[in-house]
Amino acid sequence: MYPKDFEYHSPEGIEEALNILEKNGSEAKIMGGGQSLIPMMKLRIVAPKHIVDINKISSLDFIKDEGKRIVIGTLTRMADVEKYEALRKKVRIIPECAEQIADPLVRNMGTFGGNIAHGDPNNDMPAAVLVTGARIVCRSKSGAREIEARNFFVDTFTTALKENEILESVVIPVSRGYKGTYIKMERIAGDYGIAGVAVWFSSDGERFRDCRIALTGVGPTVIYAEKACNYLNDQRITREAIKRASEVASQESKPSDDLRGSESFKRKVVSLLVRRAFEVSLKEVGSEP
Amino acid sequence: MKVKVSMVVNGEKVERVVQPRMLLVDFIRRELRLTGTHVGCDTSSCGACAVLLNGRAVKSCTILAVQAEGKEIVTIEGLSKGGMHPIQKAFVEKQGLQCGYCTPGMIISSYQLLSSNPNPSEEEIRKALSGNLCRCTGYKTIIDSVKYASKLMRTEKRK
């Protein structure tokens, strides 16, 4: 299968890339690892006239540990995110999510920024960055702006990123005392999840404090389960509270029937995964409900 | 509009003028006539097209040839340049293949694993090969082959 013909640009700096975007508007598409874009181009779901390949812009491939925050450049391969020690220690949900994306061959090429900028509701990383309270740095010729991850995902394949902008990096705050994980249920290895769940929370040992829950693959975009979070904040850490929250999160999801399951099945999976994510995380801190 | 692309494949510099939409796997198979790299699914699912790109195993059906500009590619032919590679010997010995279609990809993924982790556990092998599908073996003999290959490589000290 061949993509439709296109004009290929391979800028060596971000300024050059931004100029190409500015000039070609909606006809230009940025290519990072291409692990989502190339399959879509081969199936002719999309046929951009201009491909702006950013792989030569090595200044976009970095992870910087700045103590209270970790900044990840858009071009960082998922395989590198997975293995980065400081992330494991400080914001483990990010590498734990990374290692569940697709398969090792895809993660060697696929990029951190691409998984987020693509706006696919089935992509895993959006839920993980969302619960950590990350900020997305978008750059255009007129400068950079930061968008809260919660406001970044607009609709299916639609984000707050403008035509003339590049998702440059993601700023992940290091929040002391927060625990959590990302888990998904797959039909087969390497597939998108039937559903995925990210939980990230603080507690004082007896009660939940700040709880954040996000859901993958069960709506037009990643879903922040706000009602479930509100319910859980300041609740005592008990099995009943977690169960109730998982039911609320399941009600907040908006799955549709497809080859990965029926709507009602996916709601059950959401509720199961929320429970499991909390139980796994609490076990590790020794405050088992 | 065609563009010039040059890269190093199995240690030799190659240069061609191609359409930017040409996929790396087609570049390798049609332009270079290296047909050991297979097209299985053509939809990024099966891993039969795996090659090493600067030492990392990737799906060559999901990369444009122009993206390999200036990079080093190793295909299954490259691994067996100095005679059969220990991983290949291990796959023969332990019957890690039946029809053989997925085998080049399996060996490329195994190679990346064994170069960074010379003595992997079964769990690590399973994870490393999770991007490669086999419809014949049921994977058991493939896992045995990789375990055996790790032993061969440690004793032969070959990379």
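The values are calculated or read from the model by the stated rules, or taken from the named source; none is laboratory data. Not measured: the values here are computed from a predicted model. Neighbour counts are summed over all protein chains in view; Cβ atoms, including those assigned to glycine, are modelled from backbone coordinates with ideal geometry. The accessibility values were calculated without ligands, DNA or RNA, using every heavy atom of the protein model including side chains. Shrake-Rupley method; radii C 1.70, N 1.55, O 1.52, S 1.80 Å.
Some observations on this one:
- Residues being over 15 Å from B:Gln67 (Cβ atoms) and in a loop (DSSP other than H, G, I, E, B) - total across the range A:3-28: 3
- Count of the range A:208-235 residues which are under 17 Å from A:Glu247 (Cβ atoms), touching an Asp or Glu at 6+ places or on another chain (Cβ under 6 Å) and crowded, with 18+ Cβ neighbours inside 10 Å: 1
- For A:Ala144, the conditions (1) surrounded by fewer than 20 Cβ atoms within 10 Å (Cβ to Cβ); (2) hydrophobic (A, V, I, L, M, F, W, C); (3) under 18 Å from A:Thr76 (Cα atoms) are fulfilled apart from (3).
- Every residue from the range A:154-200 that is part of a loop (DSSP other than H, G, I, E, B), surrounded by fewer than 19 Cβ atoms within 10 Å (Cβ to Cβ) and at pLDDT 95 or above: A:Thr156, A:Phe157, A:Ala160, A:Lys162, A:Glu163, A:Val174
- Checking B:Ala57 against (1) buried (at least 22 other Cβ atoms within 10 Å of the Cβ); (2) under 18 Å from A:Asp53 (Cβ atoms); (3) not polar (S, T, N, Q), the condition it does not meet: (2)
- If you check A:Glu22, A:Glu7, A:Glu66 for being within 22 Å of A:Ile136 (Cβ to Cβ) and over 26 Å from the mean Cα position of the chain (by Cα), only one passes: A:Glu22.
- Given (1) within 13 Å of chain B (Cβ to nearest Cβ); (2) surrounded by 19 or more Cβ atoms within 10 Å (Cβ to Cβ); (3) closer than 18 Å to A:Glu165 by Cα, number of the condition A:Ala17 does not satisfy: (1)
- Residue count for the range B:13-50, restricted to those that are hydroxyl-bearing (Ser, Thr, Tyr), open to solvent by 60 Å² or more (accessible area, probe 1.4 Å) and more than 10 Å from every other protein chain (Cβ to nearest Cβ): 1
- Checked against (1) under 22 Å from B:Pro118 (Cα atoms); (2) at pLDDT below 95, B:Lys89 passes all but a single condition, namely (2).
- Taking the criterion of being in contact with a helix residue (DSSP H, G or I) (Cβ under 8 Å, 6 or more places away or on another chain) and under 19 Å from A:Val46 (Cβ atoms), the only residue of the range A:120-132 that qualifies is A:Asn123.
- Every residue from the range A:20-60 that is crowded, with 21+ Cβ neighbours inside 10 Å and on the phi > 0 side of the Ramachandran plot: A:Gly34
- Strands (runs of 3 or more DSSP E) completely within the range A:29-137 that count 2 or more residues being free of Cβ contacts under 8 Å to residues at least 60 places away in the same chain: A:50-53, A:63-65
- Subset tally (residues that are within 21 Å of B:Cys49 (Cα to Cα) and charged (D, E, K, R)) for the range A:5-43: 1
- All positions within the range A:81-116 that are more than 11 Å from every other protein chain (Cβ to nearest Cβ), farther than 22 Å from B:Val51 by Cβ and open to solvent by 30 Å² or more (accessible area, probe 1.4 Å): A:Tyr84, A:Glu85, A:Arg88, A:Lys89, A:Lys90, A:Arg92
- Within the range B:73-128, the set of residues being open to solvent by 70 Å² or more (accessible area, probe 1.4 Å), touching a residue at least 40 places away in the same chain (Cβ under 8 Å) and within 14 Å of chain A (Cβ to nearest Cβ) comprises just one member, B:Ser115.
- Count of the range A:171-188 residues, restricted to those that are touching a strand residue (DSSP E or B) at 6+ places or on another chain (Cβ under 9 Å) and over 19 Å from A:Ile242 (Cβ atoms), is 8.
- Some residue of the range A:28-51 being within 11 Å of another protein chain (Cβ to nearest Cβ), among the polar types (S, T, N, Q) and closer than 20 Å to A:Met1 by Cα: yes
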